[in-house]
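Visitor: I'd like to ask you about the structure that follows.
The values are calculated or read from the model by the stated rules, or taken from the named source; none is laboratory data. Not measured: the values here are computed from a predicted model. Virtual Cβ from ideal backbone geometry, glycine too; neighbours counted across all protein chains shown. Heads up: the accessible areas ignore ligands, DNA and RNA and are worked out on the full protein's heavy atoms, side chains in. Shrake-Rupley method; radii C 1.70, N 1.55, O 1.52, S 1.80 Å.
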Amino acid sequence: METIFFKGTPVKTYGNVPVAGEKAPEFKLVGKDLNEISEKDFAGKRIVLNVFPSLDTAVCAASVRRFNQEAAKFKNTVVLCVSMDLPFAMSRFCTAEGIDGVTVASAFRSPEFGKDYGLTMVDGPLAGLLARAVIIIDENRNVIYYDLVSEITDEPNYDGAIYVLVND
């Protein structure tokens, strides 16, 4: 179990976030077309998991915008923006914002994603949603970076993630 904070109040998550050097758990998510997305769809590529509670918050939306700007700079890399939001809402947000450099993926059918990655909040007002985190997986499915954001209302460490992508 990890402890993060929501406006200063402690929140527990289910399990632990995989750390650098560990094998990334397999996952199945749902794309904007309602088709299944898995890590196998991105064989041979690095995967940036930008995980957050909901696109209906300013900080979550900001992270998707920022990774959309950064994503085009990195070859052999895909950015998956993951939340419990329904695929329809995620698609609508991306269309309205002109976002096309990231792939949105919903965990609404996949509670095991949040458990396997240690990101499902189990208490607090956002219980059941995913915590904010950035996890980078290399081409061999090893975690090479993780940032579990300690305060849910803060943005992730973009510079840290970008540094790993540039220097890996």
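Visitor: At a Förster distance of 30 Å, what's the computed FRET efficiency of ASN76 paired with GLU112, Cβ-Cβ distance as r, to 0.05?
Guide: After rounding, the FRET efficiency stands at 0.65.
Visitor: My understanding is that a pair violates if its Cα-Cα distance is over 29 Å; which of LYS73/LYS115; LYS12/LYS45; LYS40/LYS75 do that in this structure?
Guide: Over 29 Å Cα-Cα: LYS73/LYS115; LYS12/LYS45.
Visitor: With θ set to phi - 60°, apply the Karplus curve 6.51 cos²θ - 1.76 cosθ + 1.60 along the range 25-30 and write out the HN-Hα couplings as whole Hz, x wherever there is a Gly or Pro.
Guide: Couplings: x, 5, 8, 9, 10, 10 Hz.
Visitor: Still on this structure: List the residues of the range 94-123 whose backbone N lies under 11 Å from a point placed 7 Å from the Cα of ALA61 along the Cα-to-Cβ direction.
Guide: 94, 96-97
Visitor: Next question, about the same structure. How far apart, in nanometres, would the label points at ALA43 and VAL166 be if each is projected 7 angstrom from Cα along the Cα-to-Cβ direction?
Guide: Label-label distance for ALA43 and VAL166, simple model: 3.3 nm.
Visitor: Within the range 27-61, which residues have the backbone N less than 14 Å from the label spot 7 Å out from GLU139 along Cα→beta-carbon, could you tell me?
Guide: Residues 42-47 qualify, since their backbone N sits under 14 Å from the label point.
Visitor: Beyond 20 Å, what share of the Cα-Cα pairs of the range 76-168 remains, rounded to the nearest whole percent?
Guide: 43 percent
Visitor: Size of the dipole of the chain about the Cα centre, Lys and Arg at +1 and Asp and Glu at -1 on the beta carbon, nothing else charged, in debye to 20?
Guide: 180 debye
Visitor: Against the globular-protein guess of 2.2 N^0.38 Å, express the Cα radius of gyration of the chain as a ratio, rounded to two decimals.
Guide: Values: Rg = 14.4 Å, N = 168, 2.2 N^0.38 = 15.4 Å.
For the chain, the normalised Cα radius of gyration is 0.93.
Visitor: At 1.4 Å probe size, with every protein chain present, just tell me what the per residue accessible area of the range 1-157 comes to in Å².
Guide: About 46 Å² of surface per residue is accessible.
Visitor: Let me ask something additional. Quick one: Cα centre-to-centre distance for the range 121-164 and the range 46-78, in angstrom?
Guide: 11 Å
Visitor: Right, next: Two decimals is fine: what's Rg over Rh for the range 20-90, C-alpha atoms, Kirkwood radius as Rh?
Guide: 0.96
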